[in-house]
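S.K.: Could you have a look at this structure, given as C-alpha cells, before my questions?
The values are calculated or read from the model by the stated rules, or taken from the named source; none is laboratory data. The shown structure was predicted, so the numbers you read here are calculated from the model rather than taken from an experiment. Cβ sites come from the backbone with ideal geometry, for glycine too, and all protein chains shown count toward neighbours.
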Amino acid sequence: MRRNASTFWSWLWQAGLIAVISLHFWFPRYSQQPLNDTYSTERAGKKAFFLLEQRRFVEARRNDLSPASVVEEMYDDDVFCLLGPSRQPDQREWKVLLDWVEQGGSLIIAPAYGAPSLKIDELGLQVEPLFDFDINLGEMLEQVQEQNQEEEPQPVQTTLFGGGELRWRSTGKVTGDGGEVIVEFDDAAQAVLKPYGSGRVLLLASDEIFSNGSLAYKDNGILAQRLVESVASPESHVIFDEYYNSIGAPKVVGLLFDPLLRPLTVQLLALLLLFVWYGSRRFGRQLPALYKPRHNIVDHTDALGNMYYRTGDGRMALRDYYEQLRKDLQFRHMSLTDNQALETLARRADQEPQQVRDLLARANSAINGSKLKRRAAAEIIRDLATLRAGILRKQSVRAKS
C-alpha cells in the first residue's frame, strides 16, 4: 500500500513537471496585459483590424515609442491611431501630437469601450458618458426600460456609406464645438472629423468598432475601414500606437511573464519544481551515517543524574559529593574530634567551628544510614556547597592580595 502511494506521488510530480515545460509552447492569457491591443486575438482585441490595414495601405505598423520620438519618424500624410489606450496622453504629449497634426498629419482617437472620458482643450472636443454613472444600478435600469418603451433605438447613421447593416456599441458620446459628425447613433454623435491646421483629427466615442468581435458583424468592417480612409490616402502609412498600452498596464508582478522574459521564468519554475521534488522524497537506498556523534560532558551528566534518580536513594550522590569535597579541601583524614582542624576549616570558610562540626556530622550520619531521601540529600549537598564556596572565595581574595 505504501509503495503504491509513493508511485502515485512520483507520477504526480512528473505530470507537474511536464505541465510547466509545456508553458514554453502555450501560455495562458493573464489579465495584467491589455486585452484590446493589436496583438490580442480576444474579442476586444484589434489584431484582425491591424492585419486588414496591412493589406489596404502601403504600410501598417505598430509603435512602441513615446510621442516625442515617433513624430520625428512620421511623414505629414501618415495616420496615427490611438485606439483604446490603457493610459491617455498627458498635456505635454497631446501638444507634441497636435503640433504634428497641425503640420499635415492625421490623428484617430478613440477611448476604450466602457471608459468614455476624454477631453482635448486645443480641439474643443470631448467624450462624455451616455449615462450618469453616479446613479445606482436600479435607477439606471429604470431609465433604460423607459427609453425602450418610448421608442425603438435609431439605426446607425453615417455619411461614409449607406445601405449597410451595422451594430454600434458605445457608452459615450462626442460633444463640443465644430467638426463634422460622420457617425451618429441614437441622437448622439459617435464620430466627429475636425480639421486642425493642415491636418485632421477623427475623434470617436468608443474603440469597439475596430475590435475583432465587431468586425465579424456584417458591414462593421466596411465602416471601420471607411473611418480610417476619411483621414488617410492610399499612400499613407498607418501607425497603431502600443506605447500607452505597454506603460498603462501594471508590470509589478507580470514583468517575469513578459514575452521576452517568459522562457527564463518557465525554466526557473521547472528547476524549482525539480528541487522540491528532490527534497520531498528519498531516491535510491538510504546511505549510512558518515560519522558517529561524539559524546560530551553533558551526556555524562545526564546519564549520572538519571541513574541517581532511578535508585531513589540520595546516599550515593551525597557520598560522591562529600568525598570530592574532602579531596578538594584537603581534609580527607580529618576527624570530627580534631578541634584544631575544625577551627582551621571554619576560619577558612568564615563560619563558626560548631556550625562546621554539625554539618560534617550530619553528612557522615546520612551517608552511613540505611536510606536517605533525595530532598534531604539535596539540602546537605547545598550546605556543603556553601562551605566549599566560602573557602574558595577566601582563597581567591588572598591570592589576589
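S.K.: Report every pair of residues separated by at least 6 positions or lying on different chains whose Cβ atoms are under 7 Å apart, first residue within segment 72-83 and touching a residue at least 12 places away in the same chain (Cβ under 8 Å) and closer than 13 Å to PHE50 by Cα, second aromatic (Phe, Trp, Tyr) and exposed (fewer than 15 other Cβ atoms within 10 Å of the Cβ).
M.R.: Close Cβ pairs satisfying both conditions: none exist.
S.K.: Further question on the same structure: Residues to consider are ARG294, ARG285, ARG310, ARG332; find the one that is at pLDDT 75 or above and out of contact with any Ser or Thr (no Cβ under 8 Å at 6 or more places or on another chain).
M.R.: Values: ARG294 fails: at pLDDT 75 or above; ARG285 fails: at pLDDT 75 or above; ARG332 fails: at pLDDT 75 or above.
ARG310 is the lone residue from the list that is at pLDDT 75 or above and out of contact with any Ser or Thr (no Cβ under 8 Å at 6 or more places or on another chain).
S.K.: Which of the residues spanning segment 186-230 are of a type in the set (Phe, Trp, Tyr) and more than 37 Å from the chain's Cα centre (by Cα)?
M.R.: Taking segment 186-230 first, the residues of a type in the set (Phe, Trp, Tyr) are 196, 210, 217.
Of everything in segment 186-230, those that are of a type in the set (Phe, Trp, Tyr) and more than 37 Å from the chain's Cα centre (by Cα) turn out to be TYR196, TYR217.
S.K.: If TYR217 satisfies every condition in (1) over 23 Å from LEU65 (Cβ atoms); (2) aromatic (Phe, Trp, Tyr); (3) buried (at least 21 other Cβ atoms within 10 Å of the Cβ) but one, which is the exception?
M.R.: (3)
S.K.: Suppose the filter is among the aromatic types (Phe, Trp, Tyr) and touching a residue at least 24 places away in the same chain (Cβ under 8 Å); does PHE25 pass it?
M.R.: Numbers: among the aromatic types (Phe, Trp, Tyr): yes; touching a residue at least 24 places away in the same chain (Cβ under 8 Å): no.
Considered against the rule, which asks whether it is among the aromatic types (Phe, Trp, Tyr) and touching a residue at least 24 places away in the same chain (Cβ under 8 Å), PHE25 comes out as no.
S.K.: Can you go through ILE381, ILE391, ILE367 and tell me which one is of a type outside the set (D, E, K, R), surrounded by 15 or more Cβ atoms within 10 Å (Cβ to Cβ), closer than 30 Å to TYR308 by Cα and at pLDDT below 80? Full working, then the answer.
M.R.: Numbers: ILE381 fails: at pLDDT below 80; ILE367 fails: at pLDDT below 80.
ILE391 is the lone residue from the list that is of a type outside the set (D, E, K, R), surrounded by 15 or more Cβ atoms within 10 Å (Cβ to Cβ), closer than 30 Å to TYR308 by Cα and at pLDDT below 80.
S.K.: Given segment 162-256, what strands (runs of 3 or more DSSP E) lie entirely inside it while holding 1 or more residues that are touching a helix residue (DSSP H, G or I) at 6+ places or on another chain (Cβ under 8 Å) and assigned by TED's automatic domain parsing to the domain that holds GLY45? Before you say what the answer is, go through the steps one by one.
M.R.: Details: elements: 172-176, 180-185, 188-196, 199-204, 237-241.
In segment 162-256, the matching strands (runs of 3 or more DSSP E) lie at 180-185, 188-196, 199-204, 237-241.
S.K.: When segment 77-94 is examined, which residues are found to be over 25 Å from GLY114 (Cα atoms) and loosely packed, with under 13 Cβ neighbours inside 10 Å?
M.R.: ARG92 - this is the single residue of segment 77-94 that is over 25 Å from GLY114 (Cα atoms) and loosely packed, with under 13 Cβ neighbours inside 10 Å.
S.K.: Still on this structure: So, restricting to helices (runs of 4 or more DSSP H) that lie completely within segment 293-376, which ones have at least 3 residues that are of a type in the set (D, E, K, R) and without any contact (Cβ under 8 Å) to a residue 12 or more places away in the chain? Full working, then the answer.
M.R.: On the way: elements: 297-311, 315-329, 339-349, 353-368.
The qualifying helices (runs of 4 or more DSSP H) are 297-311, 315-329.
S.K.: Run down LEU342, LEU325, LEU360, LEU318 and say which single residue is among the aliphatic types (A, V, I, L, M), more than 28 Å from ARG374 (Cβ to Cβ) and crowded, with 18+ Cβ neighbours inside 10 Å. Full working, then the answer.
M.R.: Values: LEU325 fails: more than 28 Å from ARG374 (Cβ to Cβ); LEU360 fails: more than 28 Å from ARG374 (Cβ to Cβ); LEU318 fails: more than 28 Å from ARG374 (Cβ to Cβ).
Only one candidate qualifies: LEU342.
S.K.: Please go through segment 85-126 and give me each residue that is more than 12 Å from TYR196 (Cα to Cα) and among the polar types (S, T, N, Q), ordered by number.
M.R.: SER86, GLN88, GLN91, SER117, GLN126
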